[in-house]
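Structure record follows, encoded as structure tokens.
Only the coordinates and a few stated rules stand behind these numbers; no lab work does. Since we're looking at a predicted model, the values are computed, not measured. Every residue, glycine as well, gets a Cβ built from its backbone with ideal geometry; the counts of neighbours run over all protein chains shown.
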Amino acid sequence: MPKTEFAYYLIAGEGWKAVHYTALRDDEARAILRGVDLRDEEEGKKKLGVRNHAETPHFYVKGVERTLVDRRHPDSRDHDNKIVELLEVLSADDQKFRFGSYEWHREKGKKPTLEKIIAFKDYQWQKETDIGMVHSKYLRVD
């Protein structure tokens, strides 16, 4: 018996369909399944492939979807409320933002000047974003 008995793939509008490894004995089924996104379970993280052997049909693990680097990501109501509050401020009509750093002068009485790095106007802010780090890891940033 192979290591992975079943593979799952998503059919638009119908949901997940399970396929037993014995279905791979059929050349046509094997060809079709090689062209779909197979997973180890419904919404699984492991991507599966099909070995092209009619006599010994089996699935193999192609790789793992990227996983979150920091598993301590806050999932509190206060955290979510703060994100919503920040988004409301950032997404308000006619908001303009300038990002930069202040250049402090040594001369007494001279005010610091803002050295602009970038400016945003009508930018579409998002609640959070994922940044790919390495092959199988990503970082989520609010």
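3J(HN,Hα) along the range 32-49: 5, 5, 5, x, 10, 7, 8, 10, 6, 7, 4, 6, x, 8, 8, 8, 10, x Hz, from the Karplus curve 6.51 cos²θ - 1.76 cosθ + 1.60 with θ = phi - 60°, whole Hz, x for Gly and Pro. Sparsely packed loop sites in the range 3-57 (the chymotrypsin sites (Phe, Trp or Tyr not before Pro) outside DSSP H, G, I, E and B with at most 11 other Cβ atoms within 10 Å) do not occur. Other residues lying with their Cβ under 9 Å from the Cβ of Tyr8 contribute a combined charge of -2, Lys and Arg counting +1, Asp and Glu -1.
Going through the range 71-126, which chymotrypsin sites (Phe, Trp or Tyr not before Pro) have at most 14 other Cβ atoms within 10 Å and a DSSP loop state? Walk me through the numbers on the way to the answer.
Values: sites: Phe97, Phe99, Tyr102, Trp104, Phe120, Tyr123, Trp125; in loops: Trp104, Tyr123, Trp125.
For chymotrypsin sites (Phe, Trp or Tyr not before Pro) across the range 71-126 that sit outside H, G, I, E and B with at most 14 neighbouring Cβ atoms in 10 Å, the list reads Trp104, Tyr123, Trp125.
Strictly over 25 Å apart at the Cα level, which of Lys82/Lys110; Lys17/Lys127; Lys3/Lys62; Lys47/Lys127 would you flag in this model? As for pairs spanning more than 25 Å Cα to Cα, those are Lys82/Lys110; Lys17/Lys127; Lys47/Lys127.
The shape of the range 6-65 comes out oblate: with a ≥ b ≥ c from the C-alpha gyration tensor, a/c is at least 1.5 while a/b does not beat b/c. In this structure, the amide hydrogen of Lys47, modeled 1.01 Å from its nitrogen in the peptide plane, lies closer than 5 angstrom to those of Lys62, Gly63, Val64, Glu65, counting only residues at least 5 positions away or on a different chain.
Distances between placed amide hydrogens fall under 5 Å for His58 paired with Arg51, His53, all partners being 5 or more residues away or on another chain. Backbone phi angles across the range 23-28, fed through the Karplus curve with coefficients 6.51, -1.76 and 1.60 (θ = phi - 60°), yield HN-Hα couplings of 5, 6, 5, 7, 4, 5 Hz in residue order; Gly and Pro are listed as x. Taking 8 Å as the Cα distance limit and 6 or more residues as the minimum spacing, I'd like the relative contact order of the chain as a percentage. Reported as a whole number, the value is 18 percent. When the Gaussian network model of the chain links Cα atoms closer than 10 Å, the mean-square fluctuations of Leu87, Leu38, Leu114 top out at Leu114.
Tell me, which longest segment in the chain has none of the GluC sites (Glu not before Pro) that fall in DSSP loops with at most 16 further Cβ atoms within 10 Å? Formally, the longest exposed-site-free interval is 66-106. Distance from the Cα centroid of the range 1-51 to that of the range 88-104 is 49 Å (rounded to whole angstrom). For the chain, the longest piece that avoids every one of the trypsin sites (Lys or Arg not before Pro) found in DSSP loops with at most 15 other C-beta atoms within 10 Å covers 73-105.
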